[in-house]
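Just below is one structure, and these are the notes that go with it.
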Amino acid sequence: MRQCIAALALLAAACTAKKAESTDTTTPPAAVASSAANTRADEDSIKAIGERWKQMLASKDTAGIAALYTDDGAEYAPNQPAAKGTAAVAKAWAGLYGLGKDVKLDFNASDLLVAQSGDVAVERGTYTLTWTDAKGKAMNDRGNYVTAFKKVNGQWKVLADINASEVPMPGM
């Protein structure tokens, strides 16, 4: 788990835009504009994945959600072992619906960082989760997430997804 968090932190740092120390006079303006256009296209593609993901959550399409991941992708959910590979990811997402009735998960990206290489990206944001437990009590959770994306054969896929609840565990 610590290795995954460290890897995601390094990936986020690598994707964070830095201020230029000097003006690049060797790159033609058209190439810079093309790079910016590619980044926008990549960001739009990743945002579209998020919208599809939300639709699949609403329809409980856990196989569809797992298909968003790379073959070796991983889901890191709180208080659960890491789910690695599409079958394990599908099973992990199916477990979400075992919480109770009326399970609803929503998430909103706060920032999306695409590496200059154009083959990795990191999205950070917040989530809310609500459900009704077996006794009929309304339950909720909220927190933050980080999703790392990798471009595979020209298509963006989820490499790793991890979330951290802001709600204290009972007894804490």
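Miscellaneous remarks
- Taking only the alpha carbons of segment 98-142, we obtain Rg and Dmax values of 15.9, 51 Å in that order.
- Residues Met139, Met56, Met169 arranged by fewest to most Cβ contacts within 10 Å: Met169, Met139, Met56
- Proximal lysines to Lys151, defined as alpha-carbon separation beneath 16 angstrom and excluding residues fewer than eight positions away on the same chain: Lys47
- Each label point was placed 7 Å from the Cα along the Cα-to-Cβ direction; for Asp119 and Asp106 their separation is 3.8 nm.
- Using θ = phi - 60° and Karplus 6.51 cos²θ - 1.76 cosθ + 1.60, couplings along segment 133-143 (whole Hz; Gly, Pro as x): 6, 4, 8, x, 7, 6, 10, 8, 9, 8, x
- Under-5 Å amide H pairs with Thr70, H placed in peptide plane, nonlocal only: Val158, Leu159
- The length gained on full extension between Asn140 and Thr126, counted as 0.36 nm times the residue separation minus their Cα-Cα distance, comes to 3.7 nm.
- Candidate cross-link partners of Lys135 among the aspartates and glutamates, defined by an alpha-carbon separation under 20 Å and a same-chain spacing of 8 or more, comprise Asp102.
- Global form of segment 59-134, assessed from the alpha-carbon gyration tensor, a/c cut-off 1.5: oblate
- Taking θ as phi - 60° and the Karplus parameters 6.51, -1.76 and 1.60, the scalar couplings of segment 60-72 work out to 6, 8, 5, 5, x, 4, 4, 5, 6, 8, 5, 4, 9 Hz in sequence order, x denoting glycine and proline.
- Rounded FRET efficiency, nearest 0.05, which uses the C-beta distance separating Asp133 from Asn79 and R0 of 22 Å: 0.90
FYI, it's all coordinate maths here, none of it is from the lab. The structure presented is a predicted model; accordingly, all values stated were derived computationally and were not measured. Quick reminder, even Gly has a Cβ in these numbers, built from the backbone with ideal geometry, and neighbours come from all protein chains shown.
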